[in-house]
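Peer 1: Dropping the structure in here first, questions after.
The values are calculated or read from the model by the stated rules, or taken from the named source; none is laboratory data. All values derive from a computational prediction rather than experimental measurement. Reconstructed Cβ throughout: ideal geometry from the backbone, glycine too, with neighbour counts over all protein chains shown.
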Amino acid sequence: ELPFDSREKRNIILALDVSRSMEAQDFISSWGITTRMQGVQRVTSAFIENRRADRIGLVLFGSHAFLQSPLTADHNFLRTLLVDLRPGVAGDGTAIGEGIGTALKHIQALPADTKAVILITDGVNTSGTIEPIKAARIASNLGVRVYTIGIGSTEGAFLPSVRGIPLSQRVSAGFDESALRRISEITGAQYYFASNEDELNRIYEEIESLERTEVDIPPAPVTTQELAQPLLFASLLLFLVHFLLSQTLLKVLP
């Protein structure tokens, strides 16, 4: 019998808002004030590093959503992708429903107790053809929990520039808290808010504890048939060797 194996394995897709407003500089870190995107990048990278037993995927959404990385255990690769993220790569809008929908496409077929989506946004759904609440109901039917995290500050912040042009436009954390909360409720998950890196780190730790459930893999029994197959192969091999020797070497010996 093979030894009993008890492992904690999850399939988690991170759905990250990469709209232009993620460049707003109002996210507090140990280094001072940073952009929302930079804060998310640093804390999410640490979260990925801590989930060594899990497969993690990455979906990006702005005006549209796309899969940046399928589920993978290569966490160094994922962290490299995070470092290279730039706001605006998916357009200026916020397609929350499409972000969820894209994640579901790549996680739906997996066992229900091993899959979850973590969605981070600083905006209101303004783009896409899928309503966020409808996407949440689909996720619920598929057994996928969708944790939602709203980020930013209620006071708002200035965008430094757009395509190199300085701006004086103030943007706020204008996300739809009630919608994000509803998405998580429908899917059996939770909603969170973070205005700094410490809060976001604590949120990830809480989600990690909620998703840390052991998956027990029973031992694989060794059957009589499995034992017989190697013996049969060995017998056939001995017969073949004897036959070849009788046709070659043994014929020339006196």
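Peer 1: Find the residue count for segment 94-107, including only residues that are assigned to a loop (DSSP other than H, G, I, E, B) and out of contact with any Lys or Arg (no Cβ under 9 Å at 6 or more places or on another chain). Step through it out loud before you land on a result.
Peer 2: Quick first cut of segment 94-107, residues assigned to a loop (DSSP other than H, G, I, E, B) only: 94-95, 106-107.
Then keep just the ones that are out of contact with any Lys or Arg (no Cβ under 9 Å at 6 or more places or on another chain); that gives 94-95, 106.
Here the count works out to 3.
Peer 1: Restricting the search to segment 43-91, which residues are more than 21 Å from GLU211 (Cβ to Cβ), in contact (Cβ under 8 Å) with a residue 40 or more places away in the chain and part of a helix (DSSP H, G or I)?
Peer 2: Selection gives VAL83 alone.
Peer 1: Continuing with the same structure: Would you be able to say whether some residue in segment 100-116 is among the charged types (D, E, K, R) and touching a strand residue (DSSP E or B) at 6+ places or on another chain (Cβ under 6 Å)? Working first, answer last.
Peer 2: In the first step, residues of segment 100-116 are kept if they are among the charged types (D, E, K, R); the result is 105, 113, 115.
Still in the list and also touching a strand residue (DSSP E or B) at 6+ places or on another chain (Cβ under 6 Å): 115.
Yes, because at least one residue in segment 100-116 is among the charged types (D, E, K, R) and touching a strand residue (DSSP E or B) at 6+ places or on another chain (Cβ under 6 Å).
Peer 1: Out of segment 41-73, which residues are among the aliphatic types (A, V, I, L, M) and over 12 Å from the mean Cα position of the chain (by Cα)?
Peer 2: The answer is VAL43, ALA46, ALA53, ALA65.
Peer 1: Taking the criterion of being farther than 21 Å from GLY91 by Cβ, buried (at least 19 other Cβ atoms within 10 Å of the Cβ) and among the charged types (D, E, K, R), would at least one residue in segment 122-133 satisfy it?
Peer 2: Within segment 122-133, the subset farther than 21 Å from GLY91 by Cβ is 133.
Remaining after also requiring buried (at least 19 other Cβ atoms within 10 Å of the Cβ): none.
No, the conditions are met nowhere in segment 122-133.
Peer 1: If we keep just the residues of segment 1-33 that are closer than 27 Å to ASN125 by Cβ and not in a strand (DSSP E or B), which is modelled with the highest pLDDT?
Peer 2: Taking the candidates together, the pick is VAL18.
Peer 1: While we're looking at this one, here's another question. Could you run through segment 29-42 and say how many residues are in contact (Cβ under 8 Å) with a residue 60 or more places away in the chain and of a type in the set (A, V, I, L, M)?
Peer 2: Result for segment 29-42: 1.
Peer 1: For segment 95-110, enumerate the residues that are touching a His at 6+ places or on another chain (Cβ under 7 Å) and either surrounded by fewer than 18 Cβ atoms within 10 Å (Cβ to Cβ) or among the aliphatic types (A, V, I, L, M) (or both).
Peer 2: Correct list: ALA95 only.
Peer 1: Among the residues of segment 4-57, how many are small (Gly, Ala, Ser) and in contact with a Lys or Arg (Cβ under 8 Å, 6 or more places away or on another chain)? Before the answer, list the steps.
Peer 2: First, the residues of segment 4-57 that are small (Gly, Ala, Ser): 6, 15, 19, 21, 24, 29-30, 32, 39, 45-46, 53, 57.
Checking which are in contact with a Lys or Arg (Cβ under 8 Å, 6 or more places away or on another chain) leaves us with 21, 24, 29, 45, 53.
Total satisfying the criteria: 5.
Peer 1: Among the numbered criteria (1) of a type in the set (Lys, Arg); (2) farther than 25 Å from ALA139 by Cβ; (3) at pLDDT 90 or above, which single criterion is violated by ARG36?
Peer 2: Unmet for ARG36, out of (1) of a type in the set (Lys, Arg); (2) farther than 25 Å from ALA139 by Cβ; (3) at pLDDT 90 or above: (2).
Peer 1: What do you reckon, is GLY91 in the same structural domain as ALA46 (by TED's automatic domain parsing) and either hydroxyl-bearing (Ser, Thr, Tyr) or buried (at least 18 other Cβ atoms within 10 Å of the Cβ) (or both)?
Peer 2: It is false that GLY91 is in the same structural domain as ALA46 (by TED's automatic domain parsing) and either hydroxyl-bearing (Ser, Thr, Tyr) or buried (at least 18 other Cβ atoms within 10 Å of the Cβ) (or both).
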